[in-house]
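J.: Submitted below is the structure of interest, expressed as structure tokens.
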Amino acid sequence: MNSIRIGKKVAGPVTLLAALSLGLTVVTASPAEAAPKCGLTVTSLHTDDQAYKLEVTCGPFMAPAEWHLYGDDGPFGVQHILSSYQPVAYADSGALDEDPGTEADEIFATVIYRTTTGAYWTVRTNTVVANFWPYS
Ligand SMILES: [Ca+2]
Ligand SMILES: [Ca+2]
């Protein structure tokens, strides 16, 4: 009888240690796993006014709080096109034509979102290269 009781007493702390180490593993892994990625997609709506749907999506559990769309001019810097507080925004080709005329345009977004800890992060999306030539 005594040996069975000892066995049960040993099993308790071992189980607790296993749970603790599992908990520690999750906590240690989460900052790396939380490294966010946000993507920008631009879709033509094929309308007469050449409207485009702009959508920003971020990695799991990330809800963008706001994002800002820019045209990339390399060494000459960036130009702000629009800001949005929703994942989806719309713009016409005139607004997206950041290198006027037939020159290709390079647009990207910086996304600001709030993590589950309440911190704010800023992430730059991919750059969409297209020719937003108005009234073509
Ligand atoms: Ca450009
Ligand atoms: Ca252009």
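The values are calculated or read from the model by the stated rules, or taken from the named source; none is laboratory data. From a predicted model like this one, the values you see are computed outputs, not experimental measurements. Please note: Cβ atoms are built from the backbone with ideal geometry, for glycine as well, and neighbour counts cover all protein chains shown.
J.: Considering only residues that are touching a residue at least 24 places away in the same chain (Cβ under 8 Å) and outside any strand (DSSP E or B), look in the stretch 60-70 and name the one that is surrounded by the most Cβ atoms within 10 Å (Cβ to Cβ).
T.: Keep residues of the stretch 60-70 that are touching a residue at least 24 places away in the same chain (Cβ under 8 Å), which gives 61-70.
With the extra rule that they be outside any strand (DSSP E or B), the set shrinks to 61-63.
On the way: 61: 11, 62: 19, 63: 9.
For the stretch 60-70, the residue satisfying everything is 62.
J.: Return yes or no: is residue 113 away from ligand 2 (no atom under 13 Å from the Cβ), over 12 Å from the mean Cα position of the chain (by Cα) and either basic (Lys, Arg) or closer than 16 Å to residue 40 by Cβ (or both)?
T.: no
J.: Same structure, new question: Consider the stretch 116-136. How many of its residues are aliphatic (A, V, I, L, M) and within 15 Å of ligand 2 (Cβ to nearest atom)? Spell out the reasoning first.
T.: Restricting attention to the stretch 116-136, the residues satisfying the condition of being aliphatic (A, V, I, L, M) are 119, 123, 128-130.
Then keep just the ones that are within 15 Å of ligand 2 (Cβ to nearest atom); that gives 128-130.
Of the residues in the stretch 116-136, 3 are aliphatic (A, V, I, L, M) and within 15 Å of ligand 2 (Cβ to nearest atom).
J.: Could you list, in sequence order, the residues of the stretch 102-136 that are over 15 Å from residue 67 (Cα atoms), at pLDDT below 95 and buried (at least 19 other Cβ atoms within 10 Å of the Cβ)?
T.: Within the stretch 102-136, just 132 meets the criteria.
J.: Being under 22 Å from residue 58 (Cα atoms) and not acidic (Asp, Glu) is true for just one of 102, 117. Which residue is that?
T.: That would be 117, the only listed residue that is under 22 Å from residue 58 (Cα atoms) and not acidic (Asp, Glu).
J.: Considering only the stretch 87-136, state which residues are among the aliphatic types (A, V, I, L, M) and more than 21 Å from residue 49 (Cβ to Cβ).
T.: 104, 109, 111, 112, 119, 123, 129
J.: Just one of the numbered conditions (1) within 15 Å of ligand 2 (Cβ to nearest atom); (2) at pLDDT below 90; (3) at negative phi is not true of residue 99; which one?
T.: All conditions pass for residue 99, except number (2).
J.: Given the criteria without any contact (Cβ under 8 Å) to a residue 60 or more places away in the chain, within 11 Å of ligand 2 (Cβ to nearest atom) and assigned by TED's automatic domain parsing to the domain that holds residue 123, does residue 73 qualify?
T.: no
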